[in-house]
Amino acid sequence: MNTTASLDRWLTAFGVLLILCAWTAIYLNLWIIWILPGMILAATLALVRYDFYYYLLFALIPFSVEVIFPNGLGTDLPTEPVMILLSGIFVLVILQDPRVLKQPFFRHPITWLIGCHLFWIVLTSVTSQHEITSLKYMLAKSWYILAFYAFTGLLFSVSSWKKTIRWLGLALLAAVAWVMIRHAAAGFAFNRINNVVVPFFRNHVNYGSLVCLSIPLVAGLAWLTPRGWKRTFWILGTLFLVTAMYLSYTRATYVALMVGIGGGLVLYLKQVKSVLIIGCIVAVAAIGWLLDQNHYLEYAPDYDKTVTYYEFESLLDATAKGQDISTMERVYRWVAGMHMIKERPVFGFGPGNFYNFYKSYTVSSFRTYVSDNPEKSGIHSYYLMTAVEQGIPGALIFLFICFYFLVLSERTFHRLQERETRTIVLVNAVMIIHILTILILNDMVETDKVGPFFFFGLAVLAAVDVHTQREAK
């Protein structure tokens, strides 16, 4: 009775505030006053139920829009403001109770590795060739880590994981349905895919990547949902996402899906370390051979034959022949990147600075029709970009995080007996493998369609590892 009366009083007060703001806005002709009640309500909710914003953030990711301001600064709306809000809330939580940082999650090896990663970003921002660009990069990285790594560790449980994927899954299925309807009207044409994914996705690669990395998560949710119409819904949702990924015409995601399935099998068979060792040997040997006596120059494209293709089958054929413009433009930038690493191998050029400096390091024989790069895109390989911008130590830190994650995923999966947590660890590992594969040909950890899930995946594994070790004791 008292609770109901108290609620009535609060609702009455909010209603009065709403009316007063409305009249004031009309009288002063200041529309911004209209949003004051909403801001107060949002602030109250942030203090009382901040987990709501965490789940909301995942639901907003498929619908976020990239906005570039006249001064050149860019942001993702509405996701980036919510990330900043969650980062602020996390800081307030720590200030209110510093003991939170003594929780095992915040002392986990993955947390320490991310701390090293962030420390090196700060250091290379100080030594950066363009400090302002690096500062913006460092700030954005900070709230990605706080919102998706720290908050996931703070809230994690099996039920919270399911709730997160439900919010994400429902929003993503709605966004994908919207894209598919528009694409169907265009006859599912390859040359129209970039048009139909806007404004929620920059291009078909962003769209296909988000769909690809979400497939194992939605499939895992379906597996953990009791039999009935809800499980059927998520199974059909998984199949729908696979279809959408195929129709995104994103070659990297096709490879990532297959590598993810193979990676899951490798994890199940306890062969992660063997595969990583073999992979490192092959990668080092290949890079060494390309650099030895400048063998890479043999792969310079034919400028007149390296063009844009408007049929997907022609694109695949051109890719195999080294005549696809997007692939060869990547090579053009990779060659520049290798020269940049040679110039500044320790601290790099500073986070976010590849575009600002790469053109003076290019090799003209690799130039293509799109090498002017008016859209100011990056190097299109996150591993190489990290080495260019943060030096070889920065790249090694990032690789060590990835390798440690894969090894720990295998160890944790085989240590667990409980079905739900085993499933979460497995699909989480497959999701990260999808991302790591996509990053070979793209630099997307700083985009809100991929980056959040990288840190979310790291946090999920660390949280499961901590919780299960605690239960074992």
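The values are calculated or read from the model by the stated rules, or taken from the named source; none is laboratory data. Since we're looking at a predicted model, the values are computed, not measured. Backbone-built Cβ (ideal geometry, glycine too); neighbour counts: all protein chains shown.
Mind checking which pairs have a first residue in the stretch 430-447 that is farther than 16 Å from L458 by Cβ and a second that is of a type in the set (G, A, S) and assigned to a loop (DSSP other than H, G, I, E, B), Cβ under 9 Å, 6 or more apart or different chains?
I440/S381; L441/S381; N442/G378; N442/S381; D443/S377; D443/G378; D443/S381
Which condition does T362 not pass, out of (1) closer than 28 Å to N428 by Cα; (2) surrounded by fewer than 20 Cβ atoms within 10 Å (Cβ to Cβ); (3) of a type in the set (S, T, N, Q), if it passes all the others?
Only one criterion is unmet by T362, namely (1).
For the stretch 358-378, which positions are modelled with pLDDT of 80 or more, touching an Asp or Glu at 6+ places or on another chain (Cβ under 9 Å) and in a helix (DSSP H, G or I)?
Hit for the stretch 358-378 is Y361, nothing else.
Of the residues that sit in the stretch 191-222 and are in contact (Cβ under 8 Å) with a residue 60 or more places away in the chain and surrounded by fewer than 17 Cβ atoms within 10 Å (Cβ to Cβ), which one is farthest from the chain's Cα centre (by Cα)?
By that ranking, first place goes to N191.
Is it the case, given these coordinates, that I261 is in a helix (DSSP H, G or I), at pLDDT 95 or above and buried (at least 16 other Cβ atoms within 10 Å of the Cβ)?
no
Considering only the stretch 136-183, how many residues are over 27 Å from D97 (Cβ atoms), more than 16 Å from the chain's Cα centre (by Cα) and among the hydrophobic types (A, V, I, L, M, F, W, C)?
11
Among the numbered conditions (1) modelled with pLDDT of 95 or more; (2) more than 19 Å from H108 (Cα to Cα), tell me where M444 comes up short.
(1)
Only one of these is more than 22 Å from H414 (Cα to Cα), touching a residue at least 12 places away in the same chain (Cβ under 8 Å) and not polar (S, T, N, Q): G228, G237. Name it.
The conditions single out G237.
Return yes when S142 is polar (S, T, N, Q), out of contact with any Phe, Trp or Tyr (no Cβ under 8 Å at 6 or more places or on another chain) and modelled with pLDDT under 95 and no when it is not.
Considered against the rule, which asks whether it is polar (S, T, N, Q), out of contact with any Phe, Trp or Tyr (no Cβ under 8 Å at 6 or more places or on another chain) and modelled with pLDDT under 95, S142 comes out as yes.
Give me the residue from the stretch 52-99 that is assigned to a helix (DSSP H, G or I) and of a type in the set (S, T, N, Q) and, out of that set, surrounded by the fewest Cβ atoms within 10 Å (Cβ to Cβ).
Checking each candidate, the answer is Q96.
Take F405 and tell me if it is of a type in the set (F, W, Y), under 20 Å from the mean Cα position of the chain (by Cα) and either surrounded by 17 or more Cβ atoms within 10 Å (Cβ to Cβ) or in a loop (DSSP other than H, G, I, E, B) (or both).
Here the answer is yes, as F405 does meet what is asked.
Which of the numbered conditions does M444 fail, given that it passes all the others? Conditions: (1) assigned to a loop (DSSP other than H, G, I, E, B); (2) buried (at least 21 other Cβ atoms within 10 Å of the Cβ); (3) of a type in the set (A, V, I, L, M, F, W, C); (4) touching an Asp or Glu at 6+ places or on another chain (Cβ under 6 Å).
(4)
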